[in-house]
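Below you'll find the structure, written out as structure tokens, and then a few comments.
The values are calculated or read from the model by the stated rules, or taken from the named source; none is laboratory data. Note that this is a predicted model, so its numbers are computed, not measured. Note: ideal-geometry Cβ built from the backbone for every residue, glycine included; neighbour counts use all protein chains shown. In case anyone asks, the SASA skips ligands and DNA or RNA and just uses the protein heavy atoms, side chains included. Shrake-Rupley method; radii C 1.70, N 1.55, O 1.52, S 1.80 Å.
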Amino acid sequence: MEIALRELYGVRCGDKGDISDISLFADSEKAYECLVEQVTSERVKKHFGSMVSGHVERYLAPNVLAVKFVMYGALGGGAPSSLRSDNLGKTNGASLLRMKIDVPEEILAGSKRAKAPIEEIRATSSK
Amino acid sequence: MVNKSSVSIGGGQGFYGDGLAPLADLLNVGLDYLIFEGLAELTLAILQKDRLRDESLGYTRDLPLYLANAQEVLIGRRTKVVTNAGGINPIAAGRVAVETLRSLGGNGLKVATVVGDDVLSRPDDFALEQDLLFANVYLGALPIVQALQSGADIVITGRVADASLFLAPLIYEFCWDFTDYDRLASGVVVGHLLECSGQVAGGNYSGAWWENKNPDRIGFPYCDVEPNGQAIISKPKDTGGRVTFDTVREQLLYEVHDPSSYLNPDVTCDFTSVTLEDLGEDRVLIEPSLGGPPPTTYKGLACKPNGFSCEVKLGYAWPDAEAKARIAIRYIKNRAQAIGVEVLEWWEEYFGVNGYGGPTVEIDPLYEPPEVIGRLAWRCAQPAQAQALFREVGVLGLSGPPGFASIGRARDGKPTQLLKVTQFAANRSKVDPYVKIEITEV
């Protein structure tokens, strides 16, 4: 079944110069294999379109069930030169979580990734 | 021979402007070493602007505040401090530290400053341009180790690889050899995990972050490290956040490029050899990892001016909010041409539609957001040009698309200087002879 990466994976991203790096984290070997098979550097490059002017490299860290993407020319020239609101690319990880992949249904059933309980949070906020 | 049978080392600051309250909790742990890491890549650009205004500045100005907050363990000689708060002016930072400690009654404490990372005055040695604002190389652990060997209680550096601030005390205490790459790599892992303070302890955690306990009192992390490089990472008792396999692995790969070959000035680390075991109760065991010889050059960063930017944020409400914002921004871009302002670069964002996500967002043609904020930023060579265009925005209030609402203050149109930072490889023989350690007794 088709899902957004958000439903199954964790993410963290960072910056170095004009490079944005994103790591995706799986919670099982099977979920990790789905990442390795489907989330290629070519797909990530295409996903970010005009936001990434350079190439995208992919690295595997099976010891922590992670797949890592290093995107060149991804921050509008680097933080102190960038015109972007998010000049450090702190939201790029979230943007990658939008990508859709196909996974066996049973993997999704065991997912510990959830949505924040917004009704509850809203009810306890002041506005 | 080892000086200590195990070393406890904590990350008390993760960036210039980090929280001070978590530091108080960390002090209660009884650490051997407290590290204040204040230099993100961007920070040197901020400090450079300070130094341009006042030659006695250029360090992270919260250094006295950090020392004052840690005075109990410092003056009691329980804990030593290593920090890169020196920024681009470690000498000035050292002076301020000595003054601060003197006023706190820290007589007899030894403050070491490390210089030699700043290569601005020698651009030809590294084939750099002449008109730079700063040029620094990332030094390794050696000068910090030497400072500790000389009896320093507080070591203040400029640009040093972040993890090396943590690696150095481990080398010193465990007498690790500079060719014992597996030990060095294990020390870099510890440093890498601790250098971003709360980010390994539940901060920025992408899992169920809303389930973090006491998120308003996140604990800063520390490691108990063994002489073989094995470590347990944890956080002070009764603090918020969490330290788990998940939070630790997210930080392990943070800002790492090839995880099998993470470059540090003293060692090339294989982060794919790291084994993490969640021991429960906010403790994660980190097994010793593998390393190899370091790169032959130091990494350097050079910075030069790159023009000036201004920006506007235009808020519009439903209906047709996106259309209004887009047309208003088109108006401003047209005005640049009409008044003859040369814009070198534009950037448009539409918050409420795809402001952050850009082309990664699939837009449903039927979706009508309740509001959209259009943001337009532009870069010009001169501040006056950038500002001239900002003056063209006001007319939209009464003569643009319906319902223009202002969004906060965009610095009242005051231009921001942009800085271009470029990485370079620095020949070690052109750096090392200039690295000097100075020790001052308070």
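Things to note:
- Within the stretch A:60-70, tally of residues that are open to solvent by less than 30 Å² (accessible area, probe 1.4 Å), more than 12 Å from the chain's Cα centre (by Cα) and more than 17 Å from A:L8 (Cα to Cα): 1
- Residue in the stretch A:42-59 that is over 21 Å from A:L108 (Cβ atoms), of a type in the set (S, T, N, Q), over 14 Å from the mean Cα position of the chain (by Cα) and surrounded by fewer than 18 Cβ atoms within 10 Å (Cβ to Cβ) present: yes
- Of all residues in the stretch A:100-113 being aliphatic (A, V, I, L, M) and touching a strand residue (DSSP E or B) at 6+ places or on another chain (Cβ under 7 Å), the one that is most open to solvent (accessible area, probe 1.4 Å): A:L108
- 1 or more residues over 25 Å from B:L133 (Cβ atoms) and aromatic (F, W, Y): qualifying helices (runs of 4 or more DSSP H) within the stretch B:1-108: B:63-69
- The stretch A:29-39, residues that are open to solvent by 40 Å² or more (accessible area, probe 1.4 Å) and outside any helix (DSSP H, G or I): none
- Condition met for A:V11 (β-branched (V, I, T) and in a helix (DSSP H, G or I)): no
- Candidates A:A116, A:A74: the one that is open to solvent by less than 50 Å² (accessible area, probe 1.4 Å), free of Cβ contacts under 8 Å to residues at least 24 places away in the same chain and either closer than 29 Å to B:G374 by Cβ or more than 7 Å from every other protein chain (Cβ to nearest Cβ) (or both) is A:A116.
- Residue count for the stretch B:246-273, restricted to those that are open to solvent by less than 10 Å² (accessible area, probe 1.4 Å) and assigned to a loop (DSSP other than H, G, I, E, B): 3
- Criterion (in contact (Cβ under 8 Å) with a residue 12 or more places away in the chain, away from chain A (no Cβ under 12 Å) and in contact with a strand residue (DSSP E or B) (Cβ under 9 Å, 6 or more places away or on another chain)) met by exactly one of B:P265, B:P319, B:P305, B:P259: B:P265
- Qualifying residue in the stretch B:310-319 (condition: open to solvent by 50 Å² or more (accessible area, probe 1.4 Å) and under 27 Å from A:G93 (Cβ atoms)): yes
- Filtering the stretch A:21-41 to residues that are more than 8 Å from every other protein chain (Cβ to nearest Cβ), in contact with a Lys or Arg (Cβ under 9 Å, 6 or more places away or on another chain), closer than 20 Å to B:V256 by Cα and not aliphatic (A, V, I, L, M) leaves A:T40, A:S41.
- Within the stretch B:175-191, considering residues that are closer than 21 Å to B:T83 by Cβ and not aliphatic (A, V, I, L, M), the one surrounded by the most Cβ atoms within 10 Å (Cβ to Cβ): B:G187
- B:R61 in contact with a strand residue (DSSP E or B) (Cβ under 9 Å, 6 or more places away or on another chain), over 21 Å from B:S8 (Cβ atoms) and open to solvent by 10 Å² or more (accessible area, probe 1.4 Å): no
- Filter result for B:D238 (surrounded by fewer than 24 Cβ atoms within 10 Å (Cβ to Cβ), assigned to a loop (DSSP other than H, G, I, E, B) and either on the phi > 0 side of the Ramachandran plot or out of contact with any helix residue (DSSP H, G or I) (no Cβ under 7 Å at 6 or more places or on another chain) (or both)): yes
- Of the residues making up the stretch B:38-88, those that are under 13 Å from the mean Cα position of the chain (by Cα) and of a type in the set (G, A, S) are B:G38, B:A40, B:A45, B:A85, B:G87.
- When A:S53, A:S85 are checked against the criterion of being more than 12 Å from every other protein chain (Cβ to nearest Cβ), assigned to a loop (DSSP other than H, G, I, E, B) and farther than 20 Å from B:Y254 by Cα, a single residue qualifies: A:S53.
- Residues in the stretch B:274-299 that are in a strand (DSSP E or B), more than 12 Å from every other protein chain (Cβ to nearest Cβ) and surrounded by 19 or more Cβ atoms within 10 Å (Cβ to Cβ): B:G291, B:Y298.
- If the condition is being under 26 Å from A:D27 (Cα atoms) and part of a helix (DSSP H, G or I), then the stretch A:105-119 contributes A:E105, A:E106, A:I107, A:L108, A:A109, A:I118.
- Being more than 22 Å from B:A426 (Cβ to Cβ) and among the hydroxyl-bearing types (S, T, Y) holds for only one residue in B:Y181, B:Y172, and it is B:Y172.
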